[in-house]
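Just below is one structure, and these are the notes that go with it.
The values are calculated or read from the model by the stated rules, or taken from the named source; none is laboratory data. Please read these numbers as outputs of a predicted model, since none were measured by experiment. Cβ: placed from backbone, ideal geometry, glycine included. Neighbour counts: every protein chain shown.
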Amino acid sequence: MISAGASAGSLLSAPTSDYLGRKWSIFLWGVIFMVGAILQMVAHYEVLLAGRFLGGLGVGATSMLTPQFLAENAPKSIRGSMTATVSNMCYDVETDRNAYTRLIVQSHDSVVSHVGFLGQLRSEQVD
């Protein structure tokens, strides 16, 4: 279900980013992912599947939008290293065997991104 949601989320991310902008689109898909994570904690199979699908929507959409957002808003001198760092961090978290490391890194990433996005400039306001 996560893969199906991720496929749908990656397809739906372009229209939402065109309508809302990249910043608010990433924020919206992050909220959808958090709703999916909450639903996965319910002890009913159908609700679990719905939560997995919603979580997949958030994963797919943010996987498409985050590199674009970083590439558009980062200064020229560090643009490549910022996008590479995000890609490497995602790979390292997925391949790490320690569940606590994944939990800490993913929780930190979610909180920092949602708090940080509120103070970001719109992409049209950046040089």
Inset, instruction - Please tell me if S63 is farther than 13 Å from I2 by Cβ and surrounded by fewer than 20 Cβ atoms within 10 Å (Cβ to Cβ). - result: no
Legend entry - In region 1-54, residue surrounded by the most Cβ atoms within 10 Å (Cβ to Cβ) [restricted to those that are among the basic types (K, R) and under 14 Å from T66 (Cα atoms)]: R22
Inset, instruction - Residues being more than 13 Å from S63 (Cα to Cα) and of a type outside the set (A, V, I, L, M, F, W, C): count how many of those fall in region 18-37. - result: 5
Inset, instruction - Identify the single condition in (1) modelled with pLDDT of 65 or more; (2) surrounded by 14 or more Cβ atoms within 10 Å (Cβ to Cβ); (3) of a type in the set (S, T, Y) that S113 does not satisfy, given that it satisfies every other one. - result: (1)
